[in-house]
Amino acid sequence: MVSRRTFLRLFSLATLISLASLIGIPLSYRRRSRVLLEERIYGGVEYSVKGSLVYLPMPSLDGDTSVERALANRRSIREYTDAPITLHELSQILWAAYGVTETRYGFKTTPSAGATYPLEVYAVIGRNGVATPEGGFMEPGSYKYDPYSHTLRIVKKGDLIRDLYESALEQEWILEAPVNLVFTAVFERTTKRYGKRGERYVWIEVGHASQNVYLQATAMGLATVAIGAFYDDRIKMIIGASENERVLYMMTLARPSKAYELQEESLYIYITNNRESLKAKE
Ligand SMILES: Cc1cc2nc3c(=O)[nH]c(=O)nc-3n(C[C@H](O)[C@H](O)[C@H](O)COP(=O)(O)O)c2cc1C
């Protein structure tokens, strides 16, 4: 027979174990299965460079910031530290911009009219701009993102950031960012289905992709600003885009000097004051 004391001890141990299985074990199980998956796919190698191809680390599907908080804290940020961004961060941002979220047809993070996906994404990486897991840096240059294999392919080598800056009205933040994203589009993918109206759909889609970058950057504590003021053809030449692509939009990617955070109280006061003046007008 077990004594009452031993029974109580065993009982509390059992309670602890079942609590742990409720919170701890599923989490570590999830982490473990991700590692196993990575080992199966990559043979344990997180990322690799093979010739002109960069196999990016897998994107994470979980984060610590809610969508609401990312929306509240999203701001165009133009002042940066000198620190590089990491390859993991770049991988995550590219996936957020235009990565695959459905594995039957290859649908993506952005909605797309008729799933025609006209956009292409380039990452223009400056010297010492992107830190690799083994302590080095990615080769500077213009890289094109392939969402389907989650890889980058180098299109043009060399530090092209100053050229981008000069072709975008010398906006300082472009020069100071370790990475600049450039969105281009092959309009025909969408216009051959929707005619002239398809052009509108392409412009709308790049807005979706850009907002994804803003929110993902905010959630990760990174900084970005959308850039619409530039000479299209000069940027196209600098990044080495194909003849059938048109440059639509750019975004910086950097570490902010100071992150923005919306205080709930200030929003409350702002809305309340506006309600007061609305009431006064009635
Ligand atoms: C289509 C578009 C083009 C923009 N072009 C530039 C630009 O060339 N340079 C820049 O510094 N900001 C640019 N911005 C960012 C806006 O200045 C910014 O969104 C606006 O001031 C509101 O600030 P917020 O993004 O922090 O809310 C652009 C934004 C949009 C939507």
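The values are calculated or read from the model by the stated rules, or taken from the named source; none is laboratory data. Fair warning: this is a prediction, and the values are worked out from it, not measured in the lab. As a convention, Cβ positions derive from the backbone with ideal geometry for all residues, glycine included, and neighbour counts pool all protein chains shown.
Just to check your reading of the model, which residue among Asn212, Asn180 is under 20 Å from Thr86 (Cβ atoms), out of contact with any Pro (no Cβ under 8 Å at 6 or more places or on another chain) and buried (at least 23 other Cβ atoms within 10 Å of the Cβ)? Before the answer, list the steps.
Working: Asn212 fails: buried (at least 23 other Cβ atoms within 10 Å of the Cβ).
So the residue among Asn212, Asn180 that is under 20 Å from Thr86 (Cβ atoms), out of contact with any Pro (no Cβ under 8 Å at 6 or more places or on another chain) and buried (at least 23 other Cβ atoms within 10 Å of the Cβ) is Asn180.
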Pair list, Cβ under 9 Å, 6 or more apart: segment 191-213 residue under 14 Å from Gly99 (Cα atoms) and modelled with pLDDT of 95 or more, other residue of a type in the set (Ser, Thr, Tyr) and assigned to a helix (DSSP H, G or I):
Glu205/Thr190; Ala209/Tyr98; Asn212/Tyr98
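Does Gln211 satisfy the criteria of being assigned by TED's automatic domain parsing to the domain that holds Lys108, under 22 Å from the mean Cα position of the chain (by Cα), assigned to a helix (DSSP H, G or I) and away from the ligand (no atom under 12 Å from the Cβ)?
Values: assigned by TED's automatic domain parsing to the domain that holds Lys108: yes; under 22 Å from the mean Cα position of the chain (by Cα): yes; assigned to a helix (DSSP H, G or I): yes; away from the ligand (no atom under 12 Å from the Cβ): no.
So Gln211 fails the test.
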Just give me the residues in segment 150-165 being without any contact (Cβ under 8 Å) to a residue 40 or more places away in the chain and not aromatic (Phe, Trp, Tyr), in sequence order.
Lys157, Gly158, Asp159, Ile161, Arg162
Only one of (1) more than 17 Å from the chain's Cα centre (by Cα); (2) crowded, with 18+ Cβ neighbours inside 10 Å; (3) in a strand (DSSP E or B) is not met by Arg153, so which one is it?
(2)
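Quick check on my filter: what residues within segment 100-119 are more than 16 Å from the ligand (Cβ to nearest atom), of a type outside the set (Lys, Arg) and surrounded by 23 or more Cβ atoms within 10 Å (Cβ to Cβ)? Don't jump to the end; show me each part of the working.
Here is the first cut: in segment 100-119, the ones more than 16 Å from the ligand (Cβ to nearest atom) are 100-109, 111-118.
From the residues that got through so far, the ones that are of a type outside the set (Lys, Arg) too are 100-103, 105-107, 109, 111-118.
Correct list: Pro118 only.
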Give just the number: which of (1) without any contact (Cβ under 8 Å) to a residue 60 or more places away in the chain; (2) under 18 Å from the mean Cα position of the chain (by Cα) does Gly63 not satisfy?
(1)
